[in-house]
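Laboratory data are not the source of any read-out in this text; all were calculated from the coordinates shown. The model shown is predicted, which means the values in this text are computed figures rather than measured ones. Here Cβ is always computed from backbone atoms with ideal geometry, including for glycine, and neighbour counts include all displayed protein chains.
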Amino acid sequence: MTITLILVVQAVCAVFFVYDILSSVIGFGTAPMSWQLREMLEIGAALGLVLGIVLGALALRRTTEARRRAERQLRAASAAFMEVLEERFADWGLTPAERDVALFAIKGMSTAEIAQLRATSEGTVKAQTNAIYRKAGVSGRPQLLSLFIDDLMQPDLAPAAAAVEAAGNRP
């Protein structure tokens, strides 16, 4: 309600100023206005502008705080995801090279991109991805990614979810 009232005051004052300027520039006749009414309109306009600045600053501050809170939550969620990845990789007994390839595959990189990043051949990457799929008990990349999504959605990840929530509530 307060914001609406301030916007109405600002709109009335804007109409007054535009009308005043146009009447001076174009020269159409206007009924004389008492100096008291004119002063009140100008004071109202100034107050409306000041309130607009204050509300804009408050909105900017709230938006900045919300962005920071979202960034903290994202960092916590990313950490929880990496924890799930590491647990699964350890459970499957992946080698360090297979861990790298699995991580790149989960990120959506192609076999050629992974081979280029790891300075190896595409055949080696294909062999490693097949070993990863075999150890994980899946038939391909979509199922591999699905395992991690399922893990993150499990209710027994309450500590990780609580960490994400706590990260969002820190000042």
Of the labelled options (1) 215; (2) 126; (3) 116, which one gives volume of the Cα convex hull per residue in Å³ as computed for this structure? (1)
Calculated from DSSP helices alone, with each H run of at least 4 adding -39500 (n - 2.57) and the total divided by the residues of the chain, [θ]222 nm to the nearest 500 comes to -28500 deg cm²/dmol
Which helices of the chain meet both criteria: a Cα extent of 30 Å or more along the helical axis and a mean Kyte-Doolittle score no lower than -1.0, with helices taken as whole DSSP H segments? 2-26, 35-92
How high is the relative contact order of the chain? Use alpha-carbon pairs under 8 Å, at least six apart in sequence, and give a whole percent. 25 percent
Of ILE114, ALA66, THR2, which is farthest along the charge dipole of the chain in the positive direction, counting Lys and Arg as +1 and Asp and Glu as -1 at C-beta? ILE114
